[in-house]
Amino acid sequence: MPLPTVDQEWPPPAIRPEMRLYNQWGAWYSGSPDRLAEVYGAGVSPGIGLDLKGWDRPMRGGGVMGRVARWFWGSPTPAGQSRSTKLHVPIAGDIAATSADLLFSEPPTLKVPGKKGQARLDKIMHEAGIYGGLLEAAELGSAYGGVYLRIGWDTGVDHPVFDALPADAGVPEFSSGRLSAVTFWRVVRDEDRQVWRHLERHEKGRVYHGLYMGDEDHLGQQVPLEDHPATAHFAPQVDAEGGFDSGYERGLLVHYVPNMRPHRLLRGTSLGRSDYSGVEPLMDALDETWTSWMRDLRLAKARIVVPEVYLQNTGRGRGSMWDPDREIYSGLGMLPPPGGGSNMITMSQFAIRVQEHGDTAKTLIAQILRGSGYSVQSFGEGGDGQAQTATEIHMQRHRSYSTRGRKVGYWTPALAWLSEVLLSVDHHIYGTKVSAEKATVSWPDGVMPDPESLGRTLDMLVRAQSASLDTRIRMLHPDWDADQVKAEKEMLRDELGLNVPDPAELSEMFIPSASGDDD
């Protein structure tokens, strides 16, 4: 089905629940106090960005303030206060970055049949910067609940290109849980109450491009691609239907990778849920705790209260001032303070509740990370500062690695698809003589083994004569292929003088000859 030909609401009303969640999760991910205040309703119209758990249901007698006041970021700046004193702890960004690091800080290995295909795939992966793009994609998926992997080409380079788009950039269509079509859009012009949108639709074997001129809420009428510089270069490529062949006949040039399923707020959907889902109130409470802590610091500044007669008049209409560095004052005719004494200056300095705020913040952080599926040790917290083995690290971060294992299950078919599409587009567009194949994906353990512990294990295996040289090499280098292992064995035999006979020679030594001689 090609692009829309009639005016309609955009984004489509059918995806409003998803877009409201994306707005909310995107605000936390951005780390912007202004976006958080906007999404949760501080000073904006009611109902924008509020989540689906009843926050936008009318409250009796509460009005707009009754709804938004449940959130710290929903309360407006008090009257008479020159600026907002709210502070934000960017823990949402830390969660997304840590999730990406757990998956792709050590990139997985993609293996396809044939040396030519493998060499070409490795070249594309490195020259196109795909390993870095996967880190970006995993971070976006953690924040928005899913990410789109998109393959394209640029005639200015000699390889396919790869990019990652957040879940709020497209209108997906699923069939049996798989992405069957998707329409991406972006605003290329927004001025004079006119909004120009570029729509890019992906279907099996086809890609469509369209340019629309409408308003903030409606797509408007379709106009020629040449009318805007951002889409003019697509005009020579599209046919009468507004599209062209993708070069990959088996499916789309786009793959949707869910962050985690099932979706707890939108039952029955094929979309994934964000790592922030369910912990937004805790992140809101953490910001309130941090703001309260900083408020204690402001209020605890030493201040003095002096009688009005201590102030120096600066002239009519210009008020009075107090000079704290003045040393000599003339005598003042006034009554002494109650209880005697002559000191009329009052010192004021409040206590800072460091311990209470610190304990509250630490508890909230632990609950946020636990609700997101991670261990506090993955964020540099909770350690005792002593050197630890790989096994100890893995046990402490067990929850994080369990979450990583679940995400690996979604990313493995996506990476297999990635290799096939890259080689297919490479053959179709650039004319390379390689066949498109799905890769076998091998993931690293995620934690580097302790060299001392691994060395002791290998030494015990040698003394017990319970593991071959081949097995020991593979234990030390689990990412090596058969050729690398074979080369290492030959080097070790040459260096150590291990003239081990060939297995065929050993069999001849122990098999009796045909003559029946026993010597």
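None of the figures in this text is laboratory data; all of them are computed from the coordinates on show. Everything numeric here is computed off the predicted structure, so don't read it as measured data. Because the Cβ atoms are built from the backbone with ideal geometry, glycine has one as well, and the counts that use them run over all protein chains shown.
Are there GluC sites (Glu not before Pro) in region 223-316 that DSSP marks as loop and that have at most 14 other Cβ atoms within 10 Å, and which are they? Can you show the working numbers first?
Details: sites: E226, E241, E249, E288, E308; in loops: E241, E249.
The qualifying sites are E241, E249.
Determine the alpha carbon to alpha carbon distance for each of K116/K407; K123/K438; K111/K486; K204/K438; K115/K438; K123/K433 and list only those over 20 Å.
Check vs 20 Å cut-off fails for K116/K407.
Output wanted: per-residue J couplings in Hz (rounded whole) for region 279-290, from phi through Karplus 6.51 cos²θ - 1.76 cosθ + 1.60, θ = phi - 60°, x for Gly and Pro.
Rounded to whole hertz, the list is 10, 4, x, 5, 5, 5, 5, 5, 5, 5, 5, 5.
If we sort 290-301, 111-122 on the protection proxy, mean other Cβ atoms within 10 Å, highest first, what's the order?
Working: 290-301: 14.2, 111-122: 15.9.
Result, highest mean Cβ count within 10 Å first: 111-122, 290-301.
Can you put T289, T5 in order of Cβ neighbours within 10 angstrom, beginning with the fewest? All intermediate terms of the calculation are to be shown ahead of the outcome.
Details: T289 23, T5 10.
Ascending Cβ contact count within 10 Å gives the list T5, T289.
Loop-only GluC sites (Glu not before Pro) in region 176-225, please: DSSP not H, G, I, E or B, and at most 14 other Cβ atoms within 10 Å.
Hits after loop and neighbour filter: E216.
Could you rank the peptides 408-421, 255-268 by their average count of other C-beta atoms within 10 Å per residue, with the highest value first?
By packing density, highest mean first, the sequence is 408-421, 255-268.
Mind checking which lysines have their C-alpha under 20 Å from K362, skipping anything on the same chain fewer than 8 residues away?
K86
Sequence-distant or interchain residues sharing an amide H contact under 5 Å with V161, placed H: which?
Hits under the 5 Å cutoff: G152, W153, D154.
Using per-residue counts of other Cβ atoms within 10 Å, averaged over each peptide, order 204-215, 12-23 from highest down.
Values: 204-215: 19.0, 12-23: 16.3.
Averaged packing, sorted descending, gives the order 204-215, 12-23.
Per-residue HN-Hα couplings for region 239-249, Karplus 6.51 cos²θ - 1.76 cosθ + 1.60 at θ = phi - 60°, whole Hz, x for Gly and Pro?
Ordered by residue, 3J(HN,Hα) equals 9, 5, 7, x, x, 8, 6, 7, x, 10, 7 Hz.
Can you run phi through the Karplus equation (6.51, -1.76, 1.60; θ = phi - 60°) for region 428-443 and list ³J(HN,Hα) in whole Hz, with x for Gly and Pro?
Here the 3J(HN,Hα) series is 6, 8, 9, x, 6, 9, 10, 8, 7, 9, 7, 7, 8, 9, 10, 9 Hz.
Given a Förster distance of 30 Å, report the FRET efficiency between F350 and D101 from their Cβ-Cβ distance, rounded to the nearest 0.05.
0.15
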